[in-house]
Amino acid sequence: MNSKMIFKVQGYILLIIAMGMIAPLLISIFSNETDILPFFISLATTVLSGYLLTRIKITNKQIRTKDGLAIVTLGWIFASLFGALPFYISGSIPSFVDAFFETVSGFTTTGATIITDIEVLPKGILFWRSFTHWIGGMGILVVAVAVLPMLGSGGFHVFKAESPGPIADKIVPRIKDTAKILYTSYIIITLAEFILLLFGGMTPFESIVHTFGTLGTGGFSTRNGSIGAFNSSYIYIIISIFMILSGANFSLYYDLYKGKWREVIKNSELRLYLGILAFSVIAITIDMNFHLYHDWFDSFRHSLFQSSSIMTTTGYTTFDYDQWTTFSKGILFMLMFVGGSAGSTGGSIKVIRILILAKLIKRELTKILHPRAIVSVKLGGKSIAENTLLNISSFFMLYILIFVFGSLLISLEGIGFMGSMSAVAATLGNIGPGFDFVGPTHTYADFSILSKLLLSFLMLLGDWNFSQYSLF
């Protein structure tokens, strides 16, 4: 393993994190709040540490698959450790374990929080808290691939390890250009939502913070009541639309730009993604209209928002859905295991894996009826390699096993079965809020230190795309 190269890249990642701290520092200075010095200390510490790591002299610049995985793994850990400094030094989060938990939740776009009163935090801290979503949404390492020529061809191994799906495809031949295209789409959609939220009555600060949370599918808000605190149908609908856009494969937007409308419309993953979402919205709308709201529009807007929020793993809320019926909560719980599309900022299992698993089950049933038949699993008219099918099957089994054992470990806290399961599902799937003990009106503050560390690990594991670790 090329250890020197791995740690040298970590230095550049820390410099990128430090650059990200400049904006919240400026906001703190402009607002004249108490977090100016903590941000300056955090930025200086991160810059110094990053600079020292970049001075490591290397003779071998080659990056193999295992090196790419190590870069991604350490990258998220380093980013979370140094990203926690503003929270801890400012006293906004007095415990470093809690600060680490909050930062991991931010960078992995989970949105699980230990903060019980968000509205008392300084603006700089609130901005940094949500900006970690935006950075982590597309991936810190994707930025590194785009701006670091030193990675060369090895950038693909980093991109593949960071890629949120089973198949890491390049949009264009050069992986550096692919990363730039993805970020260009990301920035354009970010600006579009920011402007539209301004029209909804949000302040510029609230608009940018909630745009970060939406595009990164993270869910951190400036309000204790999340999006529900704005009580605006316009804001509900706009954020719902952009959550759905963020849960789709970002490469499709480049296809639209290139005029490949027919290919986008025929995309089987996109169809399944929208189909599952549409079914959930319709089912919950009907159920809620008869059992809770007794108003079709109210039922629809809350159903659309909450289904979009959970399926895309954003985690914003407009209502305490723990008060919904068992049927509607059951649908939301199942959506926690679906997630967004490959190549999106969403987490969890991913729609592409669900689609391929369904095709694999269909093939096995066909082989039972026709033992001599040779049936291949195809996606987009192309046969999927058997090792990819094995990888996806292994990922699914591993995901479920981690969910089961994680739930058992968290249950040692003495909380209810639903609370334990949803806490693990919400962190492993990078969703944030769950049900019961970790429902939309609760936080993760009451968990023990060991449980917070376990849940932090689950958030990182879910964001690391851990099926790639079978390569070890």
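The values are calculated or read from the model by the stated rules, or taken from the named source; none is laboratory data. What you see is a predicted model, and the numbers here were worked out from it, not measured in a lab. Because the Cβ atoms are built from the backbone with ideal geometry, glycine has one as well, and the counts that use them run over all protein chains shown.
General observations
- Any hit, the range 351-362, residues being over 30 Å from SER130 (Cα atoms) and not hydrophobic (A, V, I, L, M, F, W, C): yes
- Looking across the range 195-207, the residues that are surrounded by fewer than 20 Cβ atoms within 10 Å (Cβ to Cβ) and either of a type in the set (A, V, I, L, M, F, W, C) or farther than 22 Å from SER233 by Cβ (or both) come down to ILE195, LEU196, LEU198, PHE199, PHE205.
Each row is one residue, and each column tells you yes or no for (1) in a loop (DSSP other than H, G, I, E, B); (2) under 24 Å from the mean Cα position of the chain (by Cα); (3) under 28 Å from GLY429 (Cα atoms).
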| site | (1), (2), (3) |
| --- | --- |
| LEU365 | no, no, no |
| VAL375 | yes, no, no |
| ASN391 | no, yes, yes |
| PHE396 | no, yes, yes |
| LEU409 | no, yes, yes |
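- Sole residue being closer than 30 Å to GLY380 by Cβ and in contact with a Lys or Arg (Cβ under 9 Å, 6 or more places away or on another chain), chosen from ILE265, ILE276, ILE241: ILE265
- Of residues in the range 419-432 being closer than 18 Å to GLY136 by Cα and out of contact with any Asp or Glu (no Cβ under 7 Å at 6 or more places or on another chain), the one surrounded by the most Cβ atoms within 10 Å (Cβ to Cβ): ILE431
- Residue count, the range 86-96 (criterion: surrounded by fewer than 24 Cβ atoms within 10 Å (Cβ to Cβ) and assigned to a helix (DSSP H, G or I)): 3
- Taking the criterion of being among the β-branched types (Val, Ile, Thr) and in contact with a helix residue (DSSP H, G or I) (Cβ under 8 Å, 6 or more places away or on another chain), the residues of the range 400-441 that qualify are ILE402, ILE410, ILE415, VAL424, THR427, ILE431, VAL438, THR441.
- Residue within the range 312-321 that is within 18 Å of SER422 (Cβ to Cβ) and in contact with a Phe, Trp or Tyr (Cβ under 6 Å, 6 or more places away or on another chain) present: no
- Filtered residue count, the range 94-103, keeping only those that are among the aliphatic types (A, V, I, L, M) and at pLDDT below 95: 0
- Taking the conditions (1) closer than 26 Å to LEU453 by Cβ; (2) under 22 Å from the mean Cα position of the chain (by Cα); (3) in contact (Cβ under 8 Å) with a residue 24 or more places away in the chain in turn, PHE39 satisfies each one other than (2).
- Residue count, the range 224-266 (criterion: charged (D, E, K, R) and either modelled with pLDDT of 95 or more or not in a loop (DSSP other than H, G, I, E, B) (or both)): 4
- Filter result (β-branched (Val, Ile, Thr), within 14 Å of ILE284 (Cβ to Cβ) and assigned to a loop (DSSP other than H, G, I, E, B)) within the range 318-346: THR318, THR325
- The range 18-47, subset under 12 Å from LEU85 (Cα atoms), hydrophobic (A, V, I, L, M, F, W, C) and in contact with a Leu (Cβ under 9 Å, 6 or more places away or on another chain), residue surrounded by the most Cβ atoms within 10 Å (Cβ to Cβ): PHE39
- Hey, ILE349 in a loop (DSSP other than H, G, I, E, B), buried (at least 18 other Cβ atoms within 10 Å of the Cβ) and not basic (Lys, Arg) or not: yes
Each row is one residue, and each column tells you yes or no for (1) in contact with a Cys (Cβ under 6 Å, 6 or more places away or on another chain); (2) of a type in the set (A, V, I, L, M, F, W, C); (3) free of Cβ contacts under 8 Å to residues at least 24 places away in the same chain.
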{"position": "TYR316", "(1), (2), (3)": "no, no, no"}
{"position": "MET336", "(1), (2), (3)": "no, yes, no"}
{"position": "GLY343", "(1), (2), (3)": "no, no, no"}
{"position": "GLU364", "(1), (2), (3)": "no, no, yes"}
{"position": "HIS370", "(1), (2), (3)": "no, no, yes"}
{"position": "GLU386", "(1), (2), (3)": "no, no, yes"}
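- GLY50 buried (at least 24 other Cβ atoms within 10 Å of the Cβ), touching a residue at least 12 places away in the same chain (Cβ under 8 Å) and not aliphatic (A, V, I, L, M): no
- Flag if ILE392 is crowded, with 16+ Cβ neighbours inside 10 Å, under 13 Å from LEU360 (Cα atoms) and of a type outside the set (S, T, N, Q): yes
- Within the range 58-78, not a single residue is surrounded by fewer than 21 Cβ atoms within 10 Å (Cβ to Cβ), in a loop (DSSP other than H, G, I, E, B) and either acidic (Asp, Glu) or modelled with pLDDT of 85 or more (or both).
- Qualifying residue in the range 266-287 (condition: over 27 Å from the mean Cα position of the chain (by Cα), crowded, with 16+ Cβ neighbours inside 10 Å and not charged (D, E, K, R)): yes
- Candidate set: the range 97-130, residues that are in a helix (DSSP H, G or I) and over 19 Å from the mean Cα position of the chain (by Cα); chosen: the one surrounded by the fewest Cβ atoms within 10 Å (Cβ to Cβ): VAL120
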